[in-house]
Amino acid sequence: MKIVADGNIPFVKECFTTMGEVKVVPGRQIKPEVLADADCLLVRSVTKVNEKLLAGSKVRFVATATIGFEHINTEYLVKNKIGFASAPGSNANSVAEYIVAALLSVGKKRKIKLEGKSIGIVGVGNVGSRVAKKCAALGMKVLLNDPPLQRQTGDAKYLPIEKLYNCDFITFHTPLTFEGIDKTFHLADEKLFKSLKSGCVFINTSRGGVMDTNALKAVMKGGRFRAVILDVWENEPNIDTELLRMVDIGTPHIAGYSYDGKIAGMIMIYEAACKFFKVMPQRTIADFLPAPLVPEIRIENTGSDGQEILHETVQQIYPINQDDFNTREILVVEQQLRGKFFDDLRKNYPVRREFQNTNVMIADSGQRIADRLEGIGFQVKRQK
């Protein structure tokens, strides 16, 4: 069996060689000629999988190591009896932790006390539901918007988006869709931006096309937002550098790039491929996850500001401002090389482990802080 895989999927060769011969290719270089004799194709979000790519190939199975699959023409796959798998939920916790790190960072920068502030979450699937839990653990008031879920469940907790306009924060976690009653392309448009509460903090970690870049820049120039946090951009990898200069935190589509999440996604598509080709899996996630970089953190002074303690603790695991700093280096790169620079930031992204891998040692007197640390994902051990 011959397998073509995006080289940005960690350990893909080491794992999938149990099934056959693996050819690793950069995602944007996966072309029809590369797939001429391939049986299996493994991608991430930068590869558009459609008739143009697959026509004439003998590919029988396609998998994407991502939770979304807007880049896959699934109708074409079904029509041509090509198997398909994605990795739903694999990096959801990673994105939720990114949101926590971003909230705490902007809170410190803009002197915003998160406790008691409201946050509107647009899209409450695998990612949004985890964001909701972590924000609640931070003491925030959480409002939810998800029209498909509201119709499916009839649950009154899913509010019309208009009910989120007065929130202190609003964050988007939707797929990118271009038609239908739940179309999300440019969902965050001029009308929405101008409807939001003045001084709101706008966050997008879903897809760049969910927001209208020109409309966002216009309202930012008018001073409407207190802060803007973006991990996704229209026209990636050729992002709008004027917008990058304007945001408080700008990162290169890496919110879901925790090491744990990437390995989980790889294992999910490996197991799916094994099932499709009727091969017994020989690898598990334990084969690829190393020991945590920061196994333990001790908190001695629980009497100081709780939000500051949370910020300092999270910084030891994920210093999000380093990602922001690295992304802004694109501004000093020649224009024709900026797309490659953006892609290289993703390809060479450093190991970021999730909070769950770290034990936090804290005195019994810090019960409230301990509860919040547990709520955002840390393993907490209380000491007398």
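Readers should treat all values here as calculations from the given coordinates under stated rules, not as data from a laboratory. From a predicted model like this one, the values you see are computed outputs, not experimental measurements. No Cβ is skipped: glycine too gets one built from the backbone with ideal geometry, and neighbour counts run over all protein chains shown.
With a simple spin-label model that places each label point 7 Å from the Cα along the Cα-to-Cβ direction, the separation between Glu51 and Thr74 comes to 2.0 nm. Of the residues Tyr158, Tyr98, the one with the fewest other Cβ atoms within 10 Å heads the list, and the complete ranking is Tyr158, Tyr98. Using C-alpha pairs under 8 Å with a sequence gap of at least 6, the mean separation divided by the residue count of segment 93-250 gives a relative contact order of 18 percent. Using R₀ = 56 Å, calculate the FRET efficiency as 1/(1 + (r/R₀)^6) where r is the Cβ-Cβ separation of Lys217 and Lys278; round to 0.05. E(calc), rounded to 0.05, equals 0.60. Distances between placed amide hydrogens fall under 5 Å for Lys141 paired with Gly116, Lys117, Ser118, Ile119, all partners being 5 or more residues away or on another chain.
Close amide H pairs (under 5 Å, H built 1.01 Å from N) link Val380 with Val360, residues at least 5 positions away or on another chain.
To the nearest ten degrees, helix 259-276 and the longest principal axis of the Cα atoms of the chain are 30 degrees apart. How big is the gap, in Å, between the Cα center of segment 60-103 and the Cα center of segment 168-183? When both Cα centres are located, 16 Å separates them. Inter-part distance, segment 257-287 to segment 1-49, computed on C-alpha centroids, equals 14 Å.
With contributions of -39500 (n - 2.57) from each DSSP H run of at least four residues, the per-residue ellipticity at 222 nm computed over the chain stands at -10000 deg cm²/dmol. Normalising the average separation of contacting C-alpha pairs (under 8 angstrom, six or more residues apart) by the number of residues puts the relative contact order of the chain at 15 percent. Taking 21 Å as the cut-off for C-alpha to C-alpha distance, list the pairs among Lys23/Lys79; Lys23/Lys262; Lys111/Lys163 that go past it. The pairs that break the limit, which is 21 Å between Cα atoms, are Lys23/Lys79; Lys111/Lys163.
Work out, step by step, the length gained on full extension between Leu331 and Lys194: first 0.36 nm times the residue separation, then minus their alpha carbon distance; give nm to one decimal.
46.5 nm
Sequence neighbours fewer than 8 away in the same chain don't count; with that in mind, list the aspartates and glutamates whose C-alpha is under 19 Å from Lys183. Candidates past the 8-residue exclusion: Glu70, Glu75, Asp146, Glu162, Asp212, Glu234. Between Ile369, Ile181, Ile254, the residue with the greatest mean-square fluctuation in the GNM of the chain (Cα pairs under 10 Å linked by springs) is Ile181. Ordered by the count of other Cβ atoms within 10 Å of each Cβ, fewest first, Asp240, Asp37 give Asp37, Asp240.
Remark: the Thr153-Phe185 segment gains 9.1 nm on full extension, using 0.36 nm per residue and subtracting the alpha carbon distance. Which FRET efficiency value, to the nearest 0.05, do you get for Gln29 and Thr241 by plugging their Cβ-Cβ distance into 1/(1 + (r/R0)^6) with R0 = 22 Å? Calculated transfer efficiency: 0.35. Springs join every pair of Cα atoms under 10 Å in this Gaussian network model of the chain, and among Thr171, Thr153, Thr17 the largest mean-square fluctuation is at Thr153. Look at Met211, Met268, Met280 and count the other Cβ atoms within 10 Å of each Cβ; fewest to most, that gives Met280, Met268, Met211.
Residues in segment 371-377 carry Karplus couplings, in order, of 4, 6, 4, 5, x, 8, x Hz; the curve used is 6.51 cos²θ - 1.76 cosθ + 1.60 with θ = phi - 60°, and Gly or Pro positions show x.
Per-residue Karplus couplings for segment 168-180, computed as 6.51 cos²θ - 1.76 cosθ + 1.60 with θ equal to phi - 60°, are listed in order as 6, 10, 9, 9, 10, 9, 10, x, 9, 10, 10, 8, x Hz, Gly and Pro entered as x.
Remark: spin-label model distance Gln356-Asp287 equals 2.1 nm, labels positioned 7 Å along the Cα→Cβ axis. Springs join every pair of Cα atoms under 10 Å in this Gaussian network model of the chain, and among Ala55, Ala255, Ala156 the largest mean-square fluctuation is at Ala156. The HN-Hα couplings worked out from phi for segment 41-57 by the Karplus form 6.51 cos²θ - 1.76 cosθ + 1.60 (θ = phi - 60°) are 10, 10, 10, 10, 6, 7, 9, 7, 9, 8, 4, 4, 7, 9, 4, x, 8 Hz, whole numbers, x standing for Gly and Pro. Taking the Cα atoms of segment 231-384, the ratio Rg/Rh between the radius of gyration and the Kirkwood radius comes to 1.07.
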